[in-house]
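Student: Have a look at the structure that comes next, please.
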Amino acid sequence: MKETVYTKNRIILFGIVLFILIAGFTITFFNLRPDYYHQETFEKKDTLTAVDKIKMYDDSIKKYPEQPWYLYKRAKLYIASGEYERALKDLEKLKKLDVPEDLDSLAGKEIQTLRKIIQISNP
């Protein structure tokens, strides 16, 4: 009798630990890459114009200000649109946030490149 209670308790404990691990991974993964979590917002982004995409990222940044990927992606759209000053502002904001190392590195490289482009285009 004691063994079955002990076994049931171990199974319950294992289930709780497994649930916590899966929940923790899921929350972490979806927080770092918000596009996967909020896919319904971005399903048709390939058919939108650059201006529409920027507006969409504006809304996403307002809704989820803690998500650095939105700032980065909006900055990339600004670069593609030739709005280098706005892109630089977004990337500088991004550098001030606590972001994953890979994103911090990407933003740093983009900032250096943009400063050179702006300097060349504004003699």
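The values are calculated or read from the model by the stated rules, or taken from the named source; none is laboratory data. Just so we're clear, the structure is a prediction, and the values are computed from it rather than from any experiment. Cβ atoms come from the backbone with ideal geometry, glycine included; neighbour counts cover every protein chain shown.
Student: Being closer than 14 Å to Val51 by Cα and hydroxyl-bearing (Ser, Thr, Tyr) is the filter; apply it to the range 77-105 and report the residue that is surrounded by the fewest Cβ atoms within 10 Å (Cβ to Cβ).
Tutor: Only one residue tops the list, namely Ser81.
Student: Touching a helix residue (DSSP H, G or I) at 6+ places or on another chain (Cβ under 8 Å), acidic (Asp, Glu) and part of a helix (DSSP H, G or I): does that describe Asp90?
Tutor: In short, yes.
Student: Hey, can you tell me all the residues within the range 84-108 that are in contact (Cβ under 8 Å) with a residue 12 or more places away in the chain and over 20 Å from Asn122 (Cα atoms)?
Tutor: Lys93, Leu94, Lys95, Leu97, Val99, Pro100, Leu103, Leu106, Ala107, Gly108 - these are the residues of the range 84-108 that are in contact (Cβ under 8 Å) with a residue 12 or more places away in the chain and over 20 Å from Asn122 (Cα atoms).
Student: Residues that are over 19 Å from the mean Cα position of the chain (by Cα) and either at pLDDT below 80 or surrounded by 12 or more Cβ atoms within 10 Å (Cβ to Cβ) (or both): find the helices (runs of 4 or more DSSP H) completely inside the range 1-76 holding 3 or more of those.
Tutor: Per the criteria, 2-32.
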